[in-house]
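K.L.:
Sending over a structure as structure tokens; questions will come in a sec.
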Amino acid sequence: MNDPKVVGFVCDWSVALAPLLDGTRLRELPSVRVIPVPCSGFVRPDWLEDALTRGADGVFVLGCPYGDCLNREGNYLMRDRVDQLRRRLQRRRIDPARIHDRTAFLAEVRAFLDRLRALAAAAPKAPTKMPAPAAAEGEAR
Amino acid sequence: MAALSVLFAFGIVAGEATDRWFFGGALVGALLIAYSVIILLLRKMGVVGPRKSER
Amino acid sequence: MSVTAPPPRSPYGRLMTGVLRGTIKLDVVINRIYPSDFNPLYYTGGLANLFLFVLVVSGIFLFFYYEASLIGAFASVQYLTERVPYGGIVRGIHRYAADGFIVAVLLHVFRNWFTDRYLFARDNPWISGMFLLVFGGFVGFTGYQLVWDERAQALTAMFLAMLRTLPGGAWLARVFIGGSGISDATIVRALYLHIGPASALYILLWWHYTRLRHPKIWPPAVWVLFCVGLVFLLAGVIPALSGRPATPAAQPTAFPLDIFFLWPFWLMNWLGAAGIVVLLGVLTAAGFAIPYLGWRERPQEMDVRHAGVAQVIDGNCTGCELCYYDCPYNAIVMVPSPAPGFSRAAANRTLLAVVVESRCVECGICIGACPFEALELPKFLERDVRARVLEAVQA
């Protein structure tokens, strides 16, 4: 797989999306499609699961840096829900590493795509690996 | 670690408040600031900090 | 959609967006030094509360020694500073914690203003916060008055001049100094005007916190230690001292000013009493008006972030309380479910979620929490989201 197909939910407060997007795709990484949401806490794990089972190679949720959610707790709640989703998906053999929840942007998305490529290149039942923490670099609006 | 030992020196002198109240008070302050730096360094080293699942 | 080019912003909107960028860039710099959950700028409210606590504790100590009369005020403060062990330190702590309080509150005001945290239903904590700022500033001023040195005397005279420019000024002046001239009653009145509003601050703080779930009341331990240490250090290194005692004949012309609380009096050198009253009035009114007149973006620019207050879908709600626990603004309450209800879920539940619309900021966290699709944002429905997901995976 050359370019993993990725669907991302991005908190509209945390990233100034308009200059980075071309329609709903990222200009720099055209296989990534972005859905803006009013808070990272708005995202239901159902939708992430939906995207993964319908053909996306990976999904991500991005929000404000931890401690700075505009709505105070949304990103922490999102983290907890995504952790639960990862645990649930393990039972269904959907690799939890296909889900990424962090609070930085382009560099992280690129890194995530690289990890997805590595996953696909390895054996089908590759051991799961949680994304490594990265420095929080919110791109300002 | 070197920073830690220098900061401990503050602690020793801080105990030495011989009726020079302003001096002693200032050293109490310096000591508390030193403690805050120590905790910050510990946090950066990973000795204290959030639960594993929250990293 | 904010994915298409937004309409051009107003000049004010462009200015505030630039300011927002600067604020976030500052965060990025600080987040390189501190872990992001330690960044002090995320705890500006907590820092203010910490300094307030230090003020109250040190204030109780000072109150113990204070004597409220014209001669006694100065003398008791001198006694405390020079003769009581660590008395001067506690006085210094009180003074520097007050400065720290105002700095923290101003950081809090500016940060919340520049990062759009006053929108929708968050005007309520903004208003209570503005009251806190005004009361806090006044309490600081009366604190300087209590020392009753030449500076205090001059400040009192200047404040009386300010009061007299207002309608009903003569009466206000009499209330402020407890009579028609400076007397012992003035000091008693100043003490009341110091401690009374300071206690009112805690009532205002209750109002300020009451609509938040898990308000960040205290900063992280690193910052508690640092700030308490800082006030001790400053108190020792730069002792807080009185000027010369106030006498009726004194005509002080220059004295050191604490810029945080006493800047209006400094500006009075150029603007005069009436000018300062007008300036303070304009600033206060502007401050209160920010959530109503000072939006950075127009509503149509806000797209998904302004999707309407959350609505409960009665038929789906099972009364599980997840939305109630997760709402950061306490905007969801659980009520006993009216029988028999519209659906199976309604028949089997005991509680029903209800959105308090005056508290909802349209964030959608409750939608994320609900496993039963019983909540919706009116302009960004779940089926809209699923449609976008489908479109995204099929391309």
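The values are calculated or read from the model by the stated rules, or taken from the named source; none is laboratory data. Source: prediction; values computed, not measured. A quick note on method: Cβ atoms are made from the backbone with ideal geometry, for glycine too, and the neighbour counts reach across all protein chains shown.
K.L.:
For the stretch A:85-94, name all the residues that are more than 11 Å from every other protein chain (Cβ to nearest Cβ) and not β-branched (Val, Ile, Thr). Talk me through it step by step, then tell me what you get.
P.N.:
Going residue by residue through the stretch A:85-94, those that are more than 11 Å from every other protein chain (Cβ to nearest Cβ) are A:85, A:88-94.
Residues satisfying the conditions are A:LEU85, A:ARG88, A:LEU89, A:GLN90, A:ARG91, A:ARG92, A:ARG93.
K.L.:
Under 7 Å between Cβ atoms, at least 6 apart or on separate chains: pull out the pairs that start in the stretch C:102-120 with a residue that is touching a residue at least 12 places away in the same chain (Cβ under 8 Å) and of a type in the set (S, T, N, Q) and end on any residue that is outside any helix (DSSP H, G or I) and crowded, with 19+ Cβ neighbours inside 10 Å.
P.N.:
Note: pairs meeting the criteria are C:ASN112/C:TYR118; C:THR115/A:LEU70.
K.L.:
Further question on the same structure: Of the residues in the stretch C:219-253, how many are in a loop (DSSP other than H, G, I, E, B), more than 14 Å from every other protein chain (Cβ to nearest Cβ), in contact with a helix residue (DSSP H, G or I) (Cβ under 7 Å, 6 or more places away or on another chain) and not hydroxyl-bearing (Ser, Thr, Tyr)?
P.N.:
Selection size over the stretch C:219-253: 5.
K.L.:
Shifting gears a bit: Sort through C:GLU297, C:GLU321, C:GLU301 and tell me the only one that's surrounded by fewer than 16 Cβ atoms within 10 Å (Cβ to Cβ) and acidic (Asp, Glu).
P.N.:
On the way: C:GLU297 fails: surrounded by fewer than 16 Cβ atoms within 10 Å (Cβ to Cβ); C:GLU301 fails: surrounded by fewer than 16 Cβ atoms within 10 Å (Cβ to Cβ).
None of the others qualify; the one that does is C:GLU321.
K.L.:
Please determine whether any residue of the stretch C:109-116 is more than 12 Å from every other protein chain (Cβ to nearest Cβ), closer than 15 Å to C:GLY45 by Cα and of a type in the set (A, V, I, L, M). Before you say what the answer is, go through the steps one by one.
P.N.:
Initial filter on the stretch C:109-116 (more than 12 Å from every other protein chain (Cβ to nearest Cβ)): C:109-110, C:113.
Restricting the remaining residues to those that are closer than 15 Å to C:GLY45 by Cα gives C:109-110, C:113.
If we keep only those that are of a type in the set (A, V, I, L, M) as well, we get C:109.
Scanning the stretch C:109-116 turns up at least one residue that is more than 12 Å from every other protein chain (Cβ to nearest Cβ), closer than 15 Å to C:GLY45 by Cα and of a type in the set (A, V, I, L, M).
K.L.:
If you don't mind, another one. Scanning for something within 14 Å of chain B (Cβ to nearest Cβ) and either surrounded by 14 or more Cβ atoms within 10 Å (Cβ to Cβ) or of a type in the set (Asp, Glu) (or both), does the stretch C:55-74 turn up at least one residue? Steps first, answer last, please.
P.N.:
Within the stretch C:55-74, the subset within 14 Å of chain B (Cβ to nearest Cβ) is C:58, C:61.
Now narrow it down to the ones that are either surrounded by 14 or more Cβ atoms within 10 Å (Cβ to Cβ) or of a type in the set (Asp, Glu) (or both): C:58, C:61.
Yes, there is a match, as at least one residue in the stretch C:55-74 is within 14 Å of chain B (Cβ to nearest Cβ) and either surrounded by 14 or more Cβ atoms within 10 Å (Cβ to Cβ) or of a type in the set (Asp, Glu) (or both).
K.L.:
Let me ask something else. In the stretch A:1-82, which strands (runs of 3 or more DSSP E) lie fully inside it and hold 1 or more residues that are free of Cβ contacts under 8 Å to residues at least 60 places away in the same chain and at the interface with chain C (Cβ under 8 Å from one of its Cβ atoms)? Don't jump to the end; show me each part of the working.
P.N.:
Details: elements: A:6-11, A:32-37, A:58-62.
Ranges flagged: A:6-11, A:32-37.
K.L.:
Scan the helices (runs of 4 or more DSSP H) fully inside the stretch C:343-395 and keep the ones with 1 or more residues being over 19 Å from A:CYS39 (Cα atoms), at pLDDT below 90 and within 14 Å of chain A (Cβ to nearest Cβ).
P.N.:
On the way: elements: C:344-348, C:365-369, C:382-394.
By residue number, C:382-394.
K.L.:
Can you find even one residue in the stretch A:121-141 that is touching a Ser or Thr at 6+ places or on another chain (Cβ under 6 Å), modelled with pLDDT of 70 or more and within 12 Å of another protein chain (Cβ to nearest Cβ)? Show your work before the answer.
P.N.:
Within the stretch A:121-141, the first condition is being touching a Ser or Thr at 6+ places or on another chain (Cβ under 6 Å), and the residues that meet it are A:136, A:138.
With the extra rule that they be modelled with pLDDT of 70 or more, the set shrinks to none.
Among the residues of the stretch A:121-141, not one is touching a Ser or Thr at 6+ places or on another chain (Cβ under 6 Å), modelled with pLDDT of 70 or more and within 12 Å of another protein chain (Cβ to nearest Cβ), which makes the answer no.
K.L.:
Can you report the number of residues in the stretch C:60-99 which are outside any helix (DSSP H, G or I), without any contact (Cβ under 8 Å) to a residue 40 or more places away in the chain and farther than 28 Å from C:LEU50 by Cβ? Give the derivation first.
P.N.:
Initial filter on the stretch C:60-99 (outside any helix (DSSP H, G or I)): C:66-69, C:84-86.
From what is left, the residues that are without any contact (Cβ under 8 Å) to a residue 40 or more places away in the chain are C:67, C:84-86.
Still in the list and also farther than 28 Å from C:LEU50 by Cβ: C:67.
Adding up the residues that qualify gives 1.
Conditions (1) closer than 15 Å to C:ALA98 by Cβ; (2) among the small types (Gly, Ala, Ser), marked per residue:
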| residue | (1), (2) |
| --- | --- |
| C:GLY229 | no, yes |
| C:GLY236 | no, yes |
| C:SER242 | no, yes |
| C:ALA246 | no, yes |
| C:ILE259 | yes, no |
| C:MET268 | no, no |
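Rundown of residues vs (1) assigned to a helix (DSSP H, G or I); (2) within 18 Å of the chain's Cα centre (by Cα); (3) farther than 30 Å from C:GLU67 by Cβ; (4) away from chain B (no Cβ under 14 Å), yes/no style:
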{"residue": "C:ARG189", "(1), (2), (3), (4)": "yes, no, no, yes"}
{"residue": "C:HIS194", "(1), (2), (3), (4)": "yes, no, no, yes"}
{"residue": "C:LEU201", "(1), (2), (3), (4)": "yes, yes, no, yes"}
{"residue": "C:TRP206", "(1), (2), (3), (4)": "yes, yes, yes, yes"}
{"residue": "C:LEU212", "(1), (2), (3), (4)": "no, yes, yes, yes"}
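K.L.:
Any residue in the stretch C:289-301 that's under 17 Å from C:GLY129 (Cβ atoms): show its pairings with residues that are part of a helix (DSSP H, G or I) and aromatic (Phe, Trp, Tyr) at Cβ separation under 7 Å, as long as the two are six or more apart or on different chains.
P.N.:
C:ILE290/C:TRP113; C:ILE290/C:TRP126; C:PRO291/C:TRP126
K.L.:
Checking the structure you have, find out if any residue of the stretch C:289-304 is closer than 27 Å to A:ARG81 by Cα, assigned to a helix (DSSP H, G or I) and either among the charged types (D, E, K, R) or out of contact with any helix residue (DSSP H, G or I) (no Cβ under 6 Å at 6 or more places or on another chain) (or both).
P.N.:
At the first step, the residues of the stretch C:289-304 found to be closer than 27 Å to A:ARG81 by Cα are C:302-304.
Retained after the next criterion (residues that are assigned to a helix (DSSP H, G or I)): C:303-304.
Those left that are additionally either among the charged types (D, E, K, R) or out of contact with any helix residue (DSSP H, G or I) (no Cβ under 6 Å at 6 or more places or on another chain) (or both): C:303-304.
Yes.
K.L.:
Something else now. Return the pairs, sorted by first residue and then second, in which the second residue is polar (S, T, N, Q) and modelled with pLDDT under 95, the first residue lies in the stretch C:189-203 and is assigned by TED's automatic domain parsing to the domain that holds C:GLU67 and surrounded by 17 or more Cβ atoms within 10 Å (Cβ to Cβ), the beta carbons are less than 6 Å apart, and the residues are 6+ apart or on different chains.
P.N.:
C:ALA190/C:THR142; C:ALA190/C:GLN145; C:LEU193/C:THR142; C:HIS194/C:THR142
K.L.:
Kindly evaluate C:ILE259 against the criterion of being in the same structural domain as C:ALA161 (by TED's automatic domain parsing), out of contact with any Lys or Arg (no Cβ under 7 Å at 6 or more places or on another chain) and buried (at least 20 other Cβ atoms within 10 Å of the Cβ). Let's see the steps before the verdict.
P.N.:
On the way: in the same structural domain as C:ALA161 (by TED's automatic domain parsing): yes; out of contact with any Lys or Arg (no Cβ under 7 Å at 6 or more places or on another chain): yes; buried (at least 20 other Cβ atoms within 10 Å of the Cβ): no.
Against the criterion (in the same structural domain as C:ALA161 (by TED's automatic domain parsing), out of contact with any Lys or Arg (no Cβ under 7 Å at 6 or more places or on another chain) and buried (at least 20 other Cβ atoms within 10 Å of the Cβ)), C:ILE259 does not qualify.
Quick grid of which residues meet (1) in contact with an Asp or Glu (Cβ under 7 Å, 6 or more places away or on another chain); (2) closer than 22 Å to C:GLY137 by Cβ; (3) aromatic (Phe, Trp, Tyr); (4) within 14 Å of chain A (Cβ to nearest Cβ):
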site	(1), (2), (3), (4)
C:ALA274	no, yes, no, no
C:GLY287	no, yes, no, no
C:ARG296	yes, no, no, yes
C:MET302	no, no, no, yes
C:ALA307	yes, no, no, yes
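K.L.:
Any idea which of C:ALA387, C:ALA369 is more than 30 Å from C:GLY18 (Cβ to Cβ), touching an Asp or Glu at 6+ places or on another chain (Cβ under 9 Å) and of a type in the set (A, V, I, L, M)?
P.N.:
Selected residue: C:ALA369, the only one of C:ALA387, C:ALA369 that is more than 30 Å from C:GLY18 (Cβ to Cβ), touching an Asp or Glu at 6+ places or on another chain (Cβ under 9 Å) and of a type in the set (A, V, I, L, M).
K.L.:
Please go through the stretch C:325-351 and pick out each residue that is buried (at least 20 other Cβ atoms within 10 Å of the Cβ) and of a type outside the set (Gly, Ala, Ser).
P.N.:
Matches in the stretch C:325-351: C:ASP326, C:CYS327, C:PRO328, C:TYR329, C:ILE332.
K.L.:
Quick one: would you say C:GLY178 is within 30 Å of C:PRO239 (Cβ to Cβ), in contact with a helix residue (DSSP H, G or I) (Cβ under 7 Å, 6 or more places away or on another chain) and assigned by TED's automatic domain parsing to the domain that holds C:LEU70? Before you say what the answer is, go through the steps one by one.
P.N.:
Numbers: within 30 Å of C:PRO239 (Cβ to Cβ): no; in contact with a helix residue (DSSP H, G or I) (Cβ under 7 Å, 6 or more places away or on another chain): yes; assigned by TED's automatic domain parsing to the domain that holds C:LEU70: yes.
It is false that C:GLY178 is within 30 Å of C:PRO239 (Cβ to Cβ), in contact with a helix residue (DSSP H, G or I) (Cβ under 7 Å, 6 or more places away or on another chain) and assigned by TED's automatic domain parsing to the domain that holds C:LEU70.
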